[in-house]
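First the structure, in the form of structure tokens, and then the observations on it.
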Amino acid sequence: MNANPNGTGQQLWKRAKQIIPGGNMLLSKRAEMFLPDLWPAYFSKTKGCKVWDLDGNEYTDMCIMGIGTNTLGYNHEEVDAAVIKTVAAGNMSTFNCPEEVYLAEKLIEIHPWADMARFARSGGEANAIAIRIARAASGKDKVAICGYHGWHDWYLAANLGDDNHLAGHLLPGLDPKGVPQNLRGTVYPFNYNNYAELEEIVDNNDIGVIKMEVMRNKGPEDNFLQRVRDLATKRGIVLIFDECTSGFRQTFGGIHKMYGVEPDMAMFGKALGNGYAMTATIGRREIMESAQSTFISSTFWTERIGPTAALKTLEVMEREKSWERITETGTGIMARWQTLAKKHGLTVNVAGLPSIASFGFDGPNALAYKTLITQEMLGKGYLASNLIFSSLAHTPDVVDGYFNALDPVFGLIKECEQGLDVMSLLKGPICHAGFKRLN
Ligand code: PMP
């Protein structure tokens, strides 16, 4: 199980990079983000929180869990059974699938401020739909944003600087090459919890839409969300909460329910279908009806597996109160990282929603330590990096096993802090860093 440069997965990854730009379709799943030259990269099967690589090695996923898609665990039996039933009955037809209506009704029931829904199959699409509708409703082009909202032109336009030195400094790591320069000046990023910055943007530009993640690394301070809501209401701005990642992790629905602040539109993705592609854009009637004054339409937004999976996922979530359980699991994990660090005389920074808990070390070796953790934990049968998306499959036993395995790795890091060269422990290059968010 040791990190193996000759593993079938690593060999396939090398082939992939020759014929698929970047190697795959999602930055966060690139092998270089974890363990360059050594990451097994591909799975043959999954179950609960277990993943098997192409050589039959079994790992416990204490990592990104499909990048947050599977809060009920991989291969949830009830969700899979519902999907298989749909596959047997037929996934596509000239008629529409009734499940999309039931799902719209359910999401509106969960979010009483909303009256209407549209569906897509990726978070970026749901965001693009929301922006199109909001711009149509407000009659204005300019958007203020905070957070990550997908790969589309409208969003990456935030990084079109005035010259090459400026380009890219706003959302570091996201290069806007290929995004028309004409979109420059249409998107204004603001930092989370910085109300004065947002107010200045709104004062000085004809902003029609504010789109933000409700919370990511830290919660609202100084009544931030309510103040943004009030500003939007006062200036006639459409307020959109991007709940693609935060949704169904801490409440049954958007995390905004926890803070008692209601947007005009919201998007959901990731966890909604427990691994099956399904995303939603919901909103108030007067805004959503603007979808009819523009053109938003796509073939595979009508397939039946996504809404089938989402309906069953919501049913299981509601019954299991999954958002409470994964929050409890994640809260425990955050506390235990701190305890383990203390035991070894280390300092870790712990952040995030409990169910998307992350930790990191300060200093010049931070990325090398992250790589070391991934390398050492892989050898012990764990997929591990600096964050854990908790799921129902992460039972106390699983979490105990993870911390038992992590203990000696923190010990190694302590030795490095005392002079051992971390590079002498790494069997491959240091992992790549992701882009930085504004919250
Ligand atoms: N919005 C948020 C808040 C997200 O976290 C993500 C994905 N990380 C997206 C949008 C984009 O979703 P997708 O990757 O499904 O296009």
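The values are calculated or read from the model by the stated rules, or taken from the named source; none is laboratory data. Predicted model only: the values in this text are computed from it and were never measured. Neighbour counts run over all protein chains shown; Cβ positions are idealised from the backbone, glycine included. In case anyone asks, the SASA skips ligands and DNA or RNA and just uses the protein heavy atoms, side chains included. Shrake-Rupley method; radii C 1.70, N 1.55, O 1.52, S 1.80 Å.
The table that follows gives values for the structure above.
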item	result
Condition check for Arg135: open to solvent by 50 Å² or more (accessible area, probe 1.4 Å), outside any helix (DSSP H, G or I) and farther than 30 Å from Leu406 by Cβ	no
Tally of residues being under 17 Å from Arg336 (Cβ atoms) and part of a helix (DSSP H, G or I) across the stretch 393-427	18
Top-ranked residue of the stretch 24-46 - restricted to ones that are part of a loop (DSSP other than H, G, I, E, B) and without any contact (Cβ under 8 Å) to a residue 12 or more places away in the chain, ranked as least open to solvent (accessible area, probe 1.4 Å)	Asn24
Qualifying residue in the stretch 287-302 (condition: within 16 Å of the ligand (Cβ to nearest atom), at negative phi and part of a helix (DSSP H, G or I))	yes
Residues that are part of a loop (DSSP other than H, G, I, E, B), closer than 24 Å to Gly275 by Cβ and open to solvent by less than 20 Å² (accessible area, probe 1.4 Å), drawn from the stretch 216-244	Cys244
Conditions (1) closer than 25 Å to Lys47 by Cβ; (2) among the polar types (S, T, N, Q); (3) in contact (Cβ under 8 Å) with a residue 24 or more places away in the chain; (4) open to solvent by 10 Å² or more (accessible area, probe 1.4 Å): number failed by Ser391	(4)
Hey, Lys29 on the phi < 0 side of the Ramachandran plot and away from the ligand (no atom under 16 Å from the Cβ) or not	no
Residues being over 17 Å from Ala366 (Cβ atoms) and within 28 Å of the chain's Cα centre (by Cα) - total across the stretch 392-415	15
One residue from Gly283, Gly247, Gly269, Gly253 being more than 11 Å from the ligand (Cβ to nearest atom), crowded, with 19+ Cβ neighbours inside 10 Å, under 20 Å from Gly124 (Cβ atoms) and modelled with pLDDT of 95 or more	Gly283
Residue count for the stretch 105-117, restricted to those that are within 22 Å of the chain's Cα centre (by Cα) and farther than 14 Å from Asp264 by Cβ	2
Filter result for the condition that a residue is of a type in the set (D, E, K, R), modelled with pLDDT of 95 or more and open to solvent by less than 40 Å² (accessible area, probe 1.4 Å), over Glu303, Glu324	Glu303
Scan of the stretch 144-159 for residues that are in contact with a Gly (Cβ under 7 Å, 6 or more places away or on another chain) and more than 10 Å from the ligand (Cβ to nearest atom), ordered by number	Asn159
Single residue of Tyr259, Tyr276 found to be closer than 22 Å to Ile67 by Cβ, open to solvent by 40 Å² or more (accessible area, probe 1.4 Å) and modelled with pLDDT of 95 or more	Tyr276
Pair list, Cβ under 6 Å, 6 or more apart: the stretch 134-154 residue more than 21 Å from Met116 (Cα to Cα), other residue of a type in the set (Val, Ile, Thr) and in a helix (DSSP H, G or I)	Ala144/Ile201; Trp154/Ile131
